[in-house]
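The values are calculated or read from the model by the stated rules, or taken from the named source; none is laboratory data. These numbers were taken from a predicted model, which means no experiment stands behind them. Because the Cβ atoms are built from the backbone with ideal geometry, glycine has one as well, and the counts that use them run over all protein chains shown. Ligands, DNA and RNA are excluded from the accessible area calculation, which covers all protein heavy atoms including side chains. Shrake-Rupley method; radii C 1.70, N 1.55, O 1.52, S 1.80 Å.
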Amino acid sequence: MLKEFLIYQNNELVFLSDSSSISLTHLVKNYQGPMFFYNRDFIRMRTRQMQTALKNVKLFYALKANAHPQVLSVFKDENVGVDVVSGGEIEHAVQCGFSYQSLVYSGVGKTKAELELAIQNEIYQINVESIPELYRIGEVAKKLGKKANVAFRVNPDISIQSHPYIATGLKDNKFGIDTNQFAEVMRVAQENAAHLSVKGISLHLGSQMLDFSSLKDSLAKLKPLFLDLRKIFPECHRFDFGGGLGIFYEKQDLEMENRLLNEYAATMFSEMNALKALVPDLELQSEPGRWLVGHAGVLLAQVQYVKVTPYKEFLILDSGMNHLIRPSLYEAYHGVHKLSANGVEKTYDVVGPICESADFLGKNRVLPEMKQDDFVVIRDCGAYAASMASDYNLQRRAFEVSN
Ligand SMILES: Cc1ncc(COP(=O)(O)O)c(C=O)c1O
């Protein structure tokens with residue numbers, strides 16, 4: 001089992017997985033601008049590790065984390081479905097070869113046109129996030145003469161230890177249906193029973209979860225709701241416990257991450273086994289994103305200027321918050337490495353070209369001395385990096401390549 005995946009060999013950075021060792025130096029031979037590199041061997045390794053730990057759990061990869069077709073091709077090969085949150089993501093997944101019957105559709109703001117696309121094509125599951133959405137689904141399905149496959153996303157009002165912007169399971173959040181509104185949900189669903197097939201219940205507590213006590217409490221809270229639903233809708237048999245398993249950004253420790261994966265699986269199975277005894281056809285589902293692809297991408301960028309002031313040394317790159325917004329948005333940490341390891345160590349603020357003081361990729365980073373035109377590698381850019389990029393300042397998007 002690998003512990004570190006980005007290491008120096010002969011002073012050059014190398015990207016490891018269980019099946020390959022890829023030198024990053026050759027990627028900048030004909031450098032044309034900032035570039036994300038996605039290691040598909042690494043994604044395959046993580047997918048298989050998760051499939052082993054979450055045995056008999058159907059995985060739906062959260063496409064919002066990274067929508068690159070080459071990344072999606074790994075999930076297609078490994079028989080993983082896709083979790084989508086917009087009509088655009090539905091169309092993209094289908095263009096990349098996924099069937100509508102392998103898609104789970106979440107999101108609080110589904111438009112009529114998006115629901116028509118989903119219901120017309122008999123999508124596998126729509127995770128309903130509110131009572132007005134349930135009414136709209138009923139109307140659209142009736143108009144199309146279809147039965148929509150739905151699951152109810154419940155907001156358990158349970159917090160996780162994560163950045164507040166990526167926690168989604170609290171009553172202050174816009175996501176999911178409040179448990180106190182569940183009786184009404186069941187009434188509306190019964191009213192619309194001719195146009196709905198109630199398949200189950202879903203949950204997503206938020207992202208970057210590294211402790212599972214909240215997950216355990218939430219599953220315990222949802223079980224009675226699931227059984228109530230099943231009494232009225234006997235076809236209710238899916239329990240979707242969402243995504244959110246976290247990774248380490250500040251250190252590389254894949255062994256520890258695997259131990260956490262096993263702990264996550266044990267928490268989930270210990271709660272679900274009792275339910276399985278009552279619901280023999282119970283199917284478990286998960287919607288992982290970050291854990292599968294987060295470490296699998298790096299961002300390669302070039303130093304434009306080393307700017308020395310009386311107070312600081314800045315490495316000004318050709319890439320910043322336009323390509324990787326997580327540091328600006330959540331003060332998230334991303335490791336920064338020099339592509340070739342030589343030089344005495346110095347401390348830099350690593351910043352981009354964008355006209356915002358929030359445009360930084362790392363502060364007070366100790367790196368081997370850098371000069372103009374040297375390359376840096378930003379670690380852990382496989383999830384929520386290119387997919388959250390913008391054209392701000394009319395800077396060009398980064399290239400995206402894979403092995
Ligand atoms: C509904 C839903 N499912 C799954 C995910 C994936 O989460 P993660 O990438 O943390 O696994 C998200 C992320 O925001 C989400 O909103």
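Looking at F233, F269, F241, F248 in this structure, which one is crowded, with 20+ Cβ neighbours inside 10 Å, out of contact with any Phe, Trp or Tyr (no Cβ under 9 Å at 6 or more places or on another chain) and among the aromatic types (F, W, Y)?
After ruling out the rest, the residue left standing is F241.
Which of the residues belonging to region 376-393 are away from the ligand (no atom under 16 Å from the Cβ) and either closer than 24 Å to K251 by Cβ or open to solvent by less than 10 Å² (accessible area, probe 1.4 Å) (or both)?
V376, V377, I378, R379
Within region 231-255, which residues are within 16 Å of the ligand (Cβ to nearest atom) and charged (D, E, K, R)?
R238, D240
Given the conditions (1) in contact with a helix residue (DSSP H, G or I) (Cβ under 7 Å, 6 or more places away or on another chain); (2) within 16 Å of the ligand (Cβ to nearest atom); (3) modelled with pLDDT of 95 or more, which single one is not true for I137?
Failed condition: (2).
Pick out the one residue from E116, E89 that is of a type in the set (D, E) and over 14 Å from the mean Cα position of the chain (by Cα).
Checking each option against the conditions leaves just E116.
Got a number for residues in region 359-374 being open to solvent by 40 Å² or more (accessible area, probe 1.4 Å), of a type in the set (A, V, I, L, M, F, W, C) and not in a strand (DSSP E or B)?
The total comes to 0.
Return yes when H26 is part of a helix (DSSP H, G or I), open to solvent by 40 Å² or more (accessible area, probe 1.4 Å) and in the same structural domain as Q304 (by TED's automatic domain parsing) and no when it is not.
Spelling it out, H26 is indeed part of a helix (DSSP H, G or I), open to solvent by 40 Å² or more (accessible area, probe 1.4 Å) and in the same structural domain as Q304 (by TED's automatic domain parsing).
Would you mention how many residues in region 151-210 are buried (at least 23 other Cβ atoms within 10 Å of the Cβ), near the ligand (Cβ under 10 Å from one of its atoms) and of a type outside the set (G, A, S)?
Number of matching residues: 5.
Can you tell me which residue in region 176-230 is modelled with the lowest pLDDT, limited to those that are more than 21 Å from M272 (Cα to Cα) and charged (D, E, K, R)?
Filtering first and then ranking leaves D178.
Looking at V377, V401, V350, which one is free of Cβ contacts under 8 Å to residues at least 40 places away in the same chain and part of a strand (DSSP E or B)? Lay out the reasoning, then the answer.
Working: V377 fails: free of Cβ contacts under 8 Å to residues at least 40 places away in the same chain; V401 fails: free of Cβ contacts under 8 Å to residues at least 40 places away in the same chain.
Exactly one residue qualifies, and that residue is V350.
Among the residues of region 213-230, what is the count of those that are open to solvent by less than 10 Å² (accessible area, probe 1.4 Å) and either within 16 Å of the ligand (Cβ to nearest atom) or free of Cβ contacts under 8 Å to residues at least 12 places away in the same chain (or both)?
So the answer is 4.
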